[in-house]
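Heads up: the structure comes next, in structure tokens.
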Amino acid sequence: MWTKFPKRYLIVTLTFISTCICYVERVGFSIAYTAAADAAGVSQSSKGTILSTFYYGYACSQVPGGWAAQRVGGRCVLLLSFVTWSLTYAFVPLDPNRVTMMVLARLLVGVAQGFMFPSIHSVLAQWVPPHERSRSVSLTTSGMYLGAAAGMLVVPSLVKLRSPQFVFLAEATLGTIWSVVWLNYASNPPQSELPKATTGTGFGEVLLLIKGGHEKIKAEDRDGQNSNRTENIPWKSIFGSLPIWAIVVNNFTFHYALYVMMNWLPTYFEQGLQLSLQDMGSYKMVPYLNMFIFSNIGGVIADHLITKRLLSVTATRKLLNTSGFIVASLALMALPIFRTSLGAVICSSLALGFLALGRAGFAVNHMDIAPKYAGIVMGVSNTAGTLAGIIGVDLTGKLLEAAKFAHSDLSNLESWRSVFMIPGVLCIFSSLGFLLFSTGERIF
């Protein structure tokens, strides 16, 4: 039975679990640290410093992560990433009063996890054939949303029943277990598992080229081979490519909207709508579960359109990216209009769900146009996404502070209109840019 199970399915499953665990960690840290900090009487500014430190480390390591995955191999770099942040949690005590130690620890975790996504995309570029690419990447990245939902559900109970420090140990244990499994089961793809595609058709263009049944695969297309590690990376061509900039801009917009929603939606419920998160129960998880569902739906639709040759790769990426971002834009701009918990949950679920659907466009496109440099392009793109989170979260705080000064509280609709209008407008302009400049053809 197991001998007939394709190894690439195991690789994709393990990468899915890795993203799920990492987002359990991110949500878990926020909940555990906040509980410990509140109990210790730590100021809001100190809490903000600790919570934001992760993103600075995360942003700094995206491009180096892509470079390392290109030179050393995504499989090894991903393992190193998990081992590093797991050991950090295992040995660093959760002491909110030791600010310097917490900043350094959180910075290290951010740097370590910054290597993760470029490594994952480098691994998937080697293992996954074009007709499975969209749903494989969508499944892997959907682990983020399932992990966020699981963290919201489980971690508060762990804090209440055990302690905030126990959350650290539990997350370190999860990371260690995954690392052991990855070390034992992950490998470079053998000849029989290398992705195959036809060329020149526009349908499922090359991930790796095979010109006839007996020609050897070029060494640079395999993880850990010689050419990959010695050939100069075309940085100038990469940064001068409009299709790559289309990916980068859409990644920026996606994460701007996502991080604003993740960080400020609870405040909108509590202060904008005067609702209690405790009374909402599991409803507050619905937007993230919707992202998980729509992310995988987008991958299945994309692969179906490409495999059945209903649309070219280019048309498929543009269709899903545009439809996802446009619907998300409308939902984001309409969100402040809804003044009930049900309306707000439905609207935010539509916004986040269709944003996730759009990932079947821009988030997979770098593997279409630059499979050989997938990790590097992902690193550049994810750096923009992380910077979007830093800018968006900080800007939203300033907008709300100004609105509170103008309207005396945040329950006024006008206090929130600009908060959700900005990512809504960004979605429109980003989708237009993707329509104009993206392609599904291999250009590197």
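The values are calculated or read from the model by the stated rules, or taken from the named source; none is laboratory data. These numbers come from a predicted model, not from an experiment. Glycine also receives a Cβ, built like all others from the backbone with ideal geometry; neighbour counts cover every protein chain displayed. With ligands, DNA and RNA removed, areas are computed over all heavy atoms of the protein, side chains included. Shrake-Rupley method; radii C 1.70, N 1.55, O 1.52, S 1.80 Å.
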Check: If you take all C-alpha pairs in the chain, what percent of them are over 27 Å apart?
Finding: 52 percent
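How charged is the neighbourhood of PHE82? Take every other residue with its Cβ under 15 Å from the Cβ of PHE82, and add Lys/Arg as +1 and Asp/Glu as -1.
After counting each charged neighbour, the total is 0.
Net charge around ARG359, counting only other residues with Cβ within less than 14 Å of its Cβ (Lys, Arg = +1; Asp, Glu = -1)?
Values: positive: ARG133, ARG135, ARG317, LYS318; negative: ASP303, ASP368.
Within the 14 Å Cβ shell, the charges total +2.
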Next item on the list: With all protein chains present, calculate the accessible area of SER241 using a 1.4 Å probe and round the result to the nearest 10 Å².
Entry: 10 Å²
Next item on the list: Report the net charge of residues surrounding SER430, where surrounding means a beta-carbon distance below 15 angstrom and charges are Lys +1, Arg +1, Asp -1, Glu -1.
Entry: +3
Next item on the list: With everything on Cα atoms, drop me the angle between helix 313-334 and the longest principal axis of the chain, reported from 0 to 90° to the nearest 10.
Entry: 10 degrees
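Which entries of LYS284/LYS372; LYS284/LYS404; LYS7/LYS372 have Cα-Cα distances beyond 32 Å here? If you can, show how the numbers build up before the last one.
Numbers: LYS284/LYS372 40 Å; LYS284/LYS404 24 Å; LYS7/LYS372 21 Å.
Table pairs above 32 Å Cα-Cα are LYS284/LYS372.
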Margin query: Could you check the spin-label model distance between LYS404 and VAL181? Points 7 Å from the Cα along Cα→Cβ, value in nm.
Written below: 4.2 nm
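Carbon and sulfur atoms: what percent of the 1.4 Å accessible area of region 238-443 do they account for?
Details: 5370 of 7700 Å².
Roughly 70 percent, rounded to a whole number.
With the Cα gyration tensor of region 238-443 in hand, give its eigenvalues times 5 under a square root as the equivalent ellipsoid semi-axes, listed largest first in whole angstrom.
Numbers: eigenvalues 210, 67, 33 Å².
In descending order the semi-axes read 32, 18, 13 Å.
Using a 1.4 Å probe and counting only protein heavy atoms, arrange ASP95, ASP394 so the residue with the most accessible area comes first. Let's see the in-between values first.
Numbers: ASP95 50, ASP394 85 Å².
Order by accessible area, largest first: ASP394, ASP95.
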Check: Hey, what D do you get for region 1-188 in µm²/s if you plug the Kirkwood alpha-carbon radius into Stokes-Einstein at 20 °C and 1.002 mPa s?
Finding: 126 µm²/s
Notebook entry, point to check: What angle, in degrees between 0 and 90 and rounded to the nearest 10, separates the Cα long axis of helix 116-127 from the longest principal axis of the Cα atoms of the chain?
Noted result: 30 degrees
Check: With every protein chain present, what is the per residue accessible area of the chain (1.4 Å probe, Å²)?
Finding: 41 Å²
Next item on the list: May I ask for the angle, rounded to the nearest 10°, between helix 413-437 and the longest principal axis of the chain, with both axes built from Cα atoms and the value confined to 0 to 90°?
Entry: 10 degrees
Item checked: Accessible surface of THR314 - all protein chains present, 1.4 Å probe, nearest 10 Å² -> 30 Å²
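How big is the charge dipole of the chain about its Cα centre, in debye rounded to the nearest 20, if each Lys and Arg gets +1 on its Cβ and each Asp and Glu gets -1 on its Cβ? Intermediate results must be reported in sequence, preceding the final value.
Values: 32 positive and 21 negative charges, 172 e Å.
Dipole magnitude for the chain comes out near 820 debye.
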